[in-house]
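Derivation of every value follows stated rules applied to the coordinates shown; laboratory data play no part. Predicted model only: the values in this text are computed from it and were never measured. Cβ placement follows ideal geometry from the backbone for every residue including glycine, while neighbour counts extend to all protein chains displayed.
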Amino acid sequence: MTARSLSASVHDRYRKTRFFSSLDGLRALSILAVIWHHTASASAAHAILHEGNQGVNLFFVISGFLIVTLLLRAKARSGTFSLAKFWGRRSLRILPVYYGVLGLYVGVVFFLERTPVYRQAFFGNLPAFATFTSNWFVSLKNPRVIFYFAWSLAAEEQFYLVWPWFERYLRGAWPLLAALTALLVTQGVAIATLAQNPAALPLALRIISSVPATILLGVVLAHLLDAPASFRLLYGITGHRGSALTALLLTLAALGARPSLGPAADLVTAASMMMLVAACVVREDNDLARILSTPVVAWVGKVSYGMYLFHMFAVNAIHRLLSPLGFSSPYLIFAGGVLLAVGMASLSYRFFESRLLKVKDRLFRENAAPSPLLVGRTPTI
């Protein structure tokens, strides 16, 4: 078998893959990094351990890749796809849990928050939280912003609302060119305004600079892997034994070097994460698969959306429980917060989200198509 025919066979297998088993494991790493950032990051000695917030960017790469791969495959089957069905599926997956948790925050802040300035700020920000626009209108520079992590969910929802139009109506290489152009424009604006107070920027610049480079690189990756020629190129880089481990090490190196990379930090980190996702999806037997696909790790990834929404509840509860007992170690709070967040998210998934997923599949299944969850579970944070 020639190298070209071999790569064609591998590409055909990739196009037929209905579930990328390593991606739940990558989601698990992402949510653990986020919880680490909110608990123990400040106490860590090494610079790389201060970068747990970058777990959100790995989520973004995965979401951009999975969503666009799903749309490309739906388009390949029938020549088009339904925007209404796409938005219906996304809404049933994301909105009920999100608004349920937001409602819990409203009750907790109203009844338990003792600092008037923080209570007033939360209710002042509530319209932005409720409309998924907090990344435009809520400043994260304040010392304490209740429910501030909604900025990343806002960025995802904006992506779900806007990008499918490009995939629906543009043909050939035009969606890929649009993603690359958007990447250049948004990152150019972000770098140019880096030293300025985001709240002082005109709204248009705030919107442009708020688009994550990582979600756009996820889009780029989906298109590159979908096309046979670019798949061959990427497979030659990321499809070898050791490629996934190398990509992980490069990602860790990029995270460790972020303080010295200046304005290029975000793009370098995003590119390394894109290669990590590529290495984990071009072959199911990648060298990280045994770890990423273990049942415990995969389950944490499966319920990572719920963990993201509940994790500050969990962390604060563990902190309040342990502090009076004299156990204030951030590492204990991290471990306890992870366990409690997994428990809360698992209950949410078992008794609430899984039922909505069945409704979603029943109401918004594409005609004559396999399950809409063609390329991975719940491609969201």
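Assorted remarks:
- Over segment 275-341, the ratio between the Cα radius of gyration and 2.2 N^0.38 Å evaluates to 1.47.
- Rel. contact order, % - alpha carbon contacts under 8 angstrom, at least six apart, segment 220-274: 27 percent
- Hull volume in cubic angstrom per residue (convex hull over the Cα atoms of segment 206-259): 90 Å³
- Nearest 10 degrees, 0 to 90: helix 265-281 Cα axis against the chain principal axis: 60 degrees
- Among 295-307, 142-154, 73-85, the order from most to least packed when residues are scored by Cβ within 10 Å on average: 295-307, 142-154, 73-85
- Working note: Karplus 6.51/-1.76/1.60 with θ = phi - 60° gives segment 289-298 the couplings 4, 4, 7, 5, 9, 4, x, 5, 5, 4 Hz, where Gly and Pro are set to x.
- Relative to the dominant Cα principal axis of the chain, helix 330-348 is inclined by about 70°.
- Dipole-positive endmost among VAL61, LEU92, GLY79 within segment 12-147 (Cβ charges, Cα centre): GLY79
- Cα-centred dipole magnitude for the chain, charges only on beta-carbon of K, R (+1) and D, E (-1), debye, nearest 20: 940 debye
- Across segment 21-363, C-alpha contacts under 8 Å between residues 6 or more apart give a mean separation that, scaled by the residue count, equals a relative contact order of 29 percent.
- Taking segment 1-149 and dividing mean pair separation by its residue count, relative contact order in percent (alpha carbons under 8 Å, at least six apart): 12 percent
- Between VAL282, VAL359, VAL61, the Gaussian network model of the chain with springs among Cα atoms under 10 angstrom shows the greatest mean-square fluctuation at VAL359.
- Test item: Cα-centred dipole of segment 1-121, Lys/Arg +1 and Asp/Glu -1 on Cβ, debye: 800 debye
- Cα-based Kirkwood hydrodynamic radius, segment 21-363, one decimal, Å: 21.2 Å
- Within segment 158-297, the proportion of C-alpha pairs whose separation exceeds 18 Å stands at 63%.
- Tilt relative to the chain, helix 55-78 - C-alpha long axis, 0 to 90 degrees, to 10: 40 degrees
- In sequence order, segment 197-210 has phi-based couplings of 6, x, 5, 8, 6, x, 4, 4, 5, 4, 5, 5, 6, 7 Hz under the Karplus curve 6.51 cos²θ - 1.76 cosθ + 1.60, θ = phi - 60°, and Gly or Pro positions carry x.
- Neighbour counts of C-beta atoms inside 10 Å place HIS11, HIS319 in the sequence HIS319, HIS11, starting with the fewest.
- Rounded to the nearest Hz, the phi-derived 3J(HN,Hα) couplings of segment 8-15 under the Karplus curve 6.51 cos²θ - 1.76 cosθ + 1.60 (θ = phi - 60°) are 5, 5, 5, 5, 4, 5, 4, 5, where x marks glycine and proline.
- Relative to the globular-protein estimate of 2.2 N^0.38 Å, the Cα radius of gyration of segment 144-194 stands at 1.45.
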